[in-house]
1. Name, by its number, the condition in (1) within 27 Å of the chain's Cα centre (by Cα); (2) touching a residue at least 24 places away in the same chain (Cβ under 8 Å); (3) surrounded by 16 or more Cβ atoms within 10 Å (Cβ to Cβ) that does not hold for Gln183.
2. Of the residues Leu173, Leu188, only one is more than 21 Å from Pro109 (Cβ to Cβ) and buried (at least 16 other Cβ atoms within 10 Å of the Cβ); which?
3. Give the residues of region 170-181 that are closer than 19 Å to Thr118 by Cα and either in a strand (DSSP E or B) or of a type in the set (D, E, K, R) (or both), sorted by residue number.
4. Could you check region 104-125 and list, in sequence order, the residues that are among the aliphatic types (A, V, I, L, M) and either assigned to a loop (DSSP other than H, G, I, E, B) or surrounded by 10 or more Cβ atoms within 10 Å (Cβ to Cβ) (or both)?
5. Going residue by residue through region 153-168, is there one that turns out to be more than 26 Å from the chain's Cα centre (by Cα), part of a helix (DSSP H, G or I) and either within 21 Å of Leu82 (Cβ to Cβ) or not basic (Lys, Arg) (or both)?
6. Determine whether region 80-94 contains at least one residue that is of a type in the set (A, V, I, L, M) and modelled with pLDDT under 65.
Amino acid sequence: MPHFSPAQRAYIRKHGKQHDLDPSEAVGELNIVPFLDIVVNIIMFLLATVAYILATVQIDSNAPPIAQAGRRPQPNQEQSTLNLTVTVGNDGIFVAGSGATMAPRCMGPAPLGTRSPTIPKRMLDVVREGQMRRMMTYDWAALTDCVARIKNEFPDETQVIVSADPVVEYEHLVAAMDALRNQGQRRLFGDVLISAGVR
């Protein structure tokens, strides 16, 4: 048996010791179980959040049907439907039908080439942050009165197409839809369709 010096024995003991490896180190793969736990929790949180948001912000509306190309009515052909369209613009509300745009204050059809809104914005005193301020706002009551008069002329019509200019806030579009549906207990135009704002 060979004789080793104390320094050689210490060297052999130090470098000859076997280290017990962790099972994940022995296989040579990453342990991804904690990562998967985090991902599953995030996915469940996102799904719960989306389901809650969709349940609370649904608005009952439909897209207008797409007309078939090449089938335009002749100018002298009588229109069978009203095709009531309400557009919320930056300067007021435009009400139009198959025949023409309504004149300001909903006083009959507007002359051709008229670009003024049917129901212009009005000045209103609003309290904000403890201060009284005057600001321009939409007159939703006047819109309801206007479409109620139209409903008297076309009692069988229930459909209205609502659109808005890109600068109009979403809350004004929703307010217009509410103003078109009912006048008190009277049902006006319950079938609300949303269209892109084109003017």
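The values are calculated or read from the model by the stated rules, or taken from the named source; none is laboratory data. Here the structure is a predicted model, which is why all the values come from computation and not from measurement. Heads up, the Cβs are rebuilt from the backbone with ideal geometry, glycines too, and the neighbour counts pull from every protein chain shown.
1. (3)
2. Just one listed residue meets the conditions, Leu173.
3. Result: Asp178, Arg181.
4. Met107, Ala110, Leu112, Ile119, Leu124, listed by residue number.
5. For region 153-168, residues more than 26 Å from the chain's Cα centre (by Cα), part of a helix (DSSP H, G or I) and either within 21 Å of Leu82 (Cβ to Cβ) or not basic (Lys, Arg) (or both): present.
6. no
Condition check ((1) touching a strand residue (DSSP E or B) at 6+ places or on another chain (Cβ under 7 Å); (2) at pLDDT 85 or above; (3) loosely packed, with under 10 Cβ neighbours inside 10 Å) across all residues:
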{"site": "Val127", "(1), (2), (3)": "no, no, yes"}
{"site": "Met135", "(1), (2), (3)": "yes, no, no"}
{"site": "Asp139", "(1), (2), (3)": "yes, yes, no"}
{"site": "Arg149", "(1), (2), (3)": "no, yes, no"}
{"site": "Val160", "(1), (2), (3)": "yes, yes, no"}
{"site": "Ser163", "(1), (2), (3)": "yes, yes, no"}
{"site": "Met177", "(1), (2), (3)": "yes, yes, no"}
